[in-house]
Amino acid sequence: RPWSPVVPPGTAMAAAERRGLAVAVALLPALAVAARLRRLSPAAAAVALHEDVARLVTELLAFPYLAASCSDICDAVTLWGRHGSRRFLGGHGEVSGFRFFPTGDRLLSWGRDRAAVIWDTSSGEELQELWHEGHIFRGAVFPGGDRVVTRTKDGAAFIWDVASGRLRLALDSRWDSPGLTDIAGDVSVFPSGDRVLTWGRADYATVWDAASGAALCELRRHTNAITAGRIFPDGDRVVTGSLDRTAIVWRVAACAAEQVLVHTAWLTGVAVLDGGGRVATTNGKGVKTVWSITAGMFLQLFETPPLREQHADGVVAVPGGERLLTYGSTGARLWDGATGEMLRFLDTSPWATRGVAVAPGGDLVATCGHGRVILWDTSSGLPATIFVEPGAVDGSAAT
């Protein structure tokens, strides 16, 4: 039956409401159910509920924004909260991507005006402008938050000092295959922060020393452009997917291929599961596969219902378990990585899902496309919040 909490004035909950974080109140019934499901006595359930609310409010107060989106028409990055949003304009051109800093207090955005911008997410203040000679395609933030790396349309990568805004290193990673203009490529930072991985239109990926800018090794075995890449949590291996219908797991120290996973179509996405024990892939025909790295063989094939999401654009791992999330033309799907069962279908039709992001706890998923950012509850598969952006939304990130 409906459950109405009584919140004494002056408590943490009242402070949360003053900060505009009514999401804590909205989740109280769910927390109460969770407390009862633990088979606790009424008194113990009340204590557990109080502890859960206190923990939730503490986490929410640490960073009040729940999602972000970028618009190519409005030339803006928007941070969304339950009770409003903060828009970053800054007089810049089209915004094509962004990344949060690990602490959530800053944001890196980039686009076609040749400037990457570092923002203060609390005040909206522009902290640094990082100017380039061309359109910026990709960017990433180092784990320590002291540096960022950007990549331009021609494939060049640059490492910047956050405090001063000065260029530290230029990585000579320009494309060897200029004809494949539809492959954007990407850049990632290793968990240790000492190396950078780049890949894209060329048929190889490169590992760089983040301190000296030297190329440590080139991962060469693909025969066509690389479309996706991920670094394993331990930093010892990476996996790449290619138009040549293979995904390759590489041992970085040896600069050699460890496993070659053959597919029936070109690869659109790769993800690392179980801390590196398994790899999930999606291909251009909508087939999703989970592979065992130790055995070098596929474990699960994920079947998509006919006429629904025939093309899968990518796959991401969901923290806190064995689930994975795929997305494509009609929405996103949540899968059990162990059994291959489809757990939830996040239906965004008639609009395509152009990007997804998963909250660190795995309980919320953000999808974006056609001017909408939708936060989904992964337990129910229902939309929690819908944010409308007056323009095409190219990407999303969850904090």
### Message
Any residue that is more than 18 Å from Gly229 (Cβ to Cβ), aromatic (Phe, Trp, Tyr) and at pLDDT 95 or above - is there at least one of those in the range 159-178?
### Response
yes
### Query
From the set of residues in the range 238-272 that are among the charged types (D, E, K, R) and within 18 Å of Thr289 (Cβ to Cβ), which is most open to solvent (accessible area, probe 1.4 Å)?
Arg245
### Query
What number goes with the only condition from (1) within 22 Å of Val252 (Cα to Cα); (2) open to solvent by 10 Å² or more (accessible area, probe 1.4 Å); (3) modelled with pLDDT under 95 that Asp182 does not pass?
(1)
#### Entry: Matching residues, the range 218-249, being free of Cβ contacts under 8 Å to residues at least 40 places away in the same chain, in a strand (DSSP E or B) and within 24 Å of Asp172 (Cβ to Cβ)
Glu218, Leu219, Arg220, Ser242, Ile248
### Query
Going by the structure shown, is Gly144 under 22 Å from Pro191 (Cα atoms) and surrounded by fewer than 15 Cβ atoms within 10 Å (Cβ to Cβ)?
yes
### Task
Report yes if some residue within the range 290-299 is at positive phi, at pLDDT below 65 and surrounded by fewer than 20 Cβ atoms within 10 Å (Cβ to Cβ); otherwise report no.
yes
### Lone qualifier among Gly124, Gly134 - being touching a residue at least 24 places away in the same chain (Cβ under 8 Å) and surrounded by fewer than 18 Cβ atoms within 10 Å (Cβ to Cβ)
Gly124
### Query
Under the condition of being open to solvent by 10 Å² or more (accessible area, probe 1.4 Å) and outside any strand (DSSP E or B), which residue from the range 332-348 is modelled with the highest pLDDT?
Glu341
### Task
Those residues that are modelled with pLDDT of 75 or more, open to solvent by less than 50 Å² (accessible area, probe 1.4 Å) and in a loop (DSSP other than H, G, I, E, B), I need them from the range 349-376; list them, please.
Thr353, Ala359, Gly362
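The values are calculated or read from the model by the stated rules, or taken from the named source; none is laboratory data. Every value quoted in this text rests on a predicted model; they were computed, and no experiment measured them. Backbone-built Cβ (ideal geometry, glycine too); neighbour counts: all protein chains shown. Heads up: the accessible areas ignore ligands, DNA and RNA and are worked out on the full protein's heavy atoms, side chains in. Shrake-Rupley method; radii C 1.70, N 1.55, O 1.52, S 1.80 Å.
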